[in-house]
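Notes follow once the structure below has been shown.
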Amino acid sequence: VFAAMITEAEKYLGYPYVWGGSSPSTSFDCSGFVQYVFRNCGITLTRVSRDQYAKNGTYVEKSQLQPGDLVFFEKNGDVHHVGIYVGEGKMLHAPHTGDVVRIVDMNTPYYTSTYYGARRVY
């Protein structure tokens, strides 16, 4: 299942980040991207990253991450960002305004310091 999720997600590499976007026609924000990819793989998720963490799947230790797991990041203790773990310490996500859907290394100081947790929903 996770291979299909990663393949689906990779179709949208390079799409611009658009706040509130949730489809290829509107482009994507982080949670809209994750929701769209998983829906196309037959998995229903809530819409915003905070709810995706609180209401979907089961908790996964960072050391146990597998491709297809959702990874969450916080600001001031509140979940504000989500990506799809693709393996080898990397995630595929829609980062922020002015950027595009891309794969990044989660082992940078920013992502290490803001990492909140992970959920497995498949």
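The values are calculated or read from the model by the stated rules, or taken from the named source; none is laboratory data. For clarity, every value in this text was computed on a predicted model and none was experimentally measured. We place every Cβ from the backbone using ideal geometry, glycine too, and count neighbours over all the protein chains shown. Each accessible area value is taken on the protein alone, full model and side chains, heavy atoms only, with ligands, DNA and RNA left out. Shrake-Rupley method; radii C 1.70, N 1.55, O 1.52, S 1.80 Å.
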Determine the pairs where a residue that is under 16 Å from Asp99 (Cα atoms), located within the range 19-36, has a partner that is part of a loop (DSSP other than H, G, I, E, B) and of a type in the set (Asp, Glu) with Cβ atoms under 7 Å apart, the partner being 6 or more residues away or on another chain. Trp19/Asp29; Gly20/Asp29; Gly21/Asp29
Just to be sure before I move on: is Ser23 touching a strand residue (DSSP E or B) at 6+ places or on another chain (Cβ under 6 Å) and at pLDDT 95 or above in the structure I sent? no
Could you run through the range 87-118 and say how many residues are more than 13 Å from Phe33 (Cβ to Cβ) and among the hydrophobic types (A, V, I, L, M, F, W, C)? 3
Restricting the range 62-78 to residues that are in contact (Cβ under 8 Å) with a residue 40 or more places away in the chain and among the acidic types (Asp, Glu), the residue that is farthest from Leu45 (Cα to Cα): Glu74
Return yes when Arg47 is open to solvent by 60 Å² or more (accessible area, probe 1.4 Å), at pLDDT 95 or above and either closer than 23 Å to Ser113 by Cα or assigned to a loop (DSSP other than H, G, I, E, B) (or both) and no when it is not. yes
Taking the residues in the range 8-44 that are in contact with a Leu (Cβ under 8 Å, 6 or more places away or on another chain) and not polar (S, T, N, Q) as candidates, determine which candidate is surrounded by the most Cβ atoms within 10 Å (Cβ to Cβ). Val34
